[in-house]
Amino acid sequence: MNCPDCGTALRRKRAARCCGCGRSISDYVAAGRRREKRLEQLAALFSTALVLAFFSWAGFFALFEALCVYVLAALAVWYWGRATFRS
Ligand SMILES: [Zn+2]
C-alpha cells in the first residue's frame, strides 16, 4: 500500500498521516480496507457458489445413477419375467 500522493510505502497503516508528505491517509487506508473486505466477501461468495454447484452436480449425478440402476433393474425384471412366463 502506497501513499496516493507521493507514493511512499505506508509502513504503519494505523498512522493517520503519510510519513513522506504528511497527507492524511486514514480515509485512504479505510477505503483500501473496505476494498479488501469486499474482495474477501466476493471470494467467499465465489467459493460458496462453487461448492454449491459441485454438490448440486454431484446430487444430479447421484440421481442419474439411481435412475440408471432403477431402469436396469426394471429391464432385468422384465427380461426375467418374459423368459419365465412364456415357456
Ligand atoms: Zn505521502
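Since every read-out is calculated from the coordinates, none of them should be taken as a lab result. Keep in mind that what you see is a predicted model, and the values were worked out from it rather than measured. Cβ: placed from backbone, ideal geometry, glycine included. Neighbour counts: every protein chain shown.
Cysteine residues of the chain whose C-beta has no other cysteine C-beta under 4.7 angstrom: 19, 68. Spherically averaged projected area of the convex hull of Cα atoms, the chain: 7.9 nm². For residue 8, the residues 5 or more places off, or on other chains, whose built amide H falls under 5 Å of its own are 3.
Only DSSP H runs of four or more residues enter the estimate; each adds -39500 (n - 2.57), and after division by the residues of the chain the mean residue ellipticity at 222 nm equals -26500 deg cm²/dmol.
The fewest-to-most ranking of 21, 3, 68 by surrounding Cβ atoms within 10 Å reads 68, 21, 3. Model label sites at residue 54 and residue 24, defined 7 Å from Cα along the beta-carbon direction, differ in position by 4.7 nm. Rg over Rh for region 1-52 works out to 1.21, both radii taken from alpha-carbon positions and Rh defined as the Kirkwood radius.
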